[in-house]
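Q: Next up is a structure, given as structure tokens.
The values are calculated or read from the model by the stated rules, or taken from the named source; none is laboratory data. These numbers were taken from a predicted model, which means no experiment stands behind them. Cβ sites come from the backbone with ideal geometry, for glycine too, and all protein chains shown count toward neighbours.
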Amino acid sequence: MTEATPTPPLPDHLSIDPRSPHHVAAVFEHDIGIRFNDKERADVEEYCISEGWIKVPAGKTLDRKGKPLLIKLKGKVEAFYR
């Protein structure tokens, strides 16, 4: 079977947080992957391809609102559809 809906282009900056201005709901209807420094990562909360960084949770640490604390890692970022 072929997919009926075409995949939207992946943005340069994307966040999984729906309150973020960089959240694009249409992208999350498809399965996406992030490759960081040639290794696939499953814990990415936000990325920016042009600036070369990703944000990932810092362990199990939470902020005062109950959201995970994020750290920024710099390197080569690639986003793709699976």
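Q: I'm trying to understand the selection: among the residues of the stretch 53-75, which are farther than 19 Å from SER20 by Cβ, in contact with a strand residue (DSSP E or B) (Cβ under 7 Å, 6 or more places away or on another chain) and not β-branched (Val, Ile, Thr)?
A: Step one: of the stretch 53-75, the residues farther than 19 Å from SER20 by Cβ are 59-61, 74-75.
Going one step further and asking which of them are in contact with a strand residue (DSSP E or B) (Cβ under 7 Å, 6 or more places away or on another chain), we end up with 61, 74-75.
The answer is LYS74, GLY75.
Q: Here's something else I'd like to know. Can you give me the number of residues within the stretch 40-56 that are part of a strand (DSSP E or B) and either modelled with pLDDT under 95 or within 14 Å of ASP12 (Cβ to Cβ) (or both)?
A: Selection size over the stretch 40-56: 6.
Q: Can you tell me which residues in the stretch 14-59 are within 14 Å of PHE80 (Cα to Cα) and without any contact (Cβ under 8 Å) to a residue 12 or more places away in the chain?
A: LYS39, GLU40, ALA42
Q: Test each condition in (1) polar (S, T, N, Q); (2) surrounded by fewer than 13 Cβ atoms within 10 Å (Cβ to Cβ); (3) under 12 Å from the mean Cα position of the chain (by Cα) for SER15 and report the one that comes out false.
A: (2)
Q: Could you list all residues from the stretch 57-82 that are small (Gly, Ala, Ser) and not in a loop (DSSP other than H, G, I, E, B)?
A: So the first thing to find is which residues in the stretch 57-82 are small (Gly, Ala, Ser), and the list is 58-59, 66, 75, 79.
If the condition is that a residue be small (Gly, Ala, Ser) and not in a loop (DSSP other than H, G, I, E, B), then ALA58, GLY59, ALA79 are the ones that fit.
Q: Also, quick follow-up: Tell me which residues, restricted to the stretch 21-39, are out of contact with any Leu (no Cβ under 9 Å at 6 or more places or on another chain) and assigned to a loop (DSSP other than H, G, I, E, B).
A: PRO21, ALA25, ALA26, HIS30, ASP31, ASP38 - these are the residues of the stretch 21-39 that are out of contact with any Leu (no Cβ under 9 Å at 6 or more places or on another chain) and assigned to a loop (DSSP other than H, G, I, E, B).
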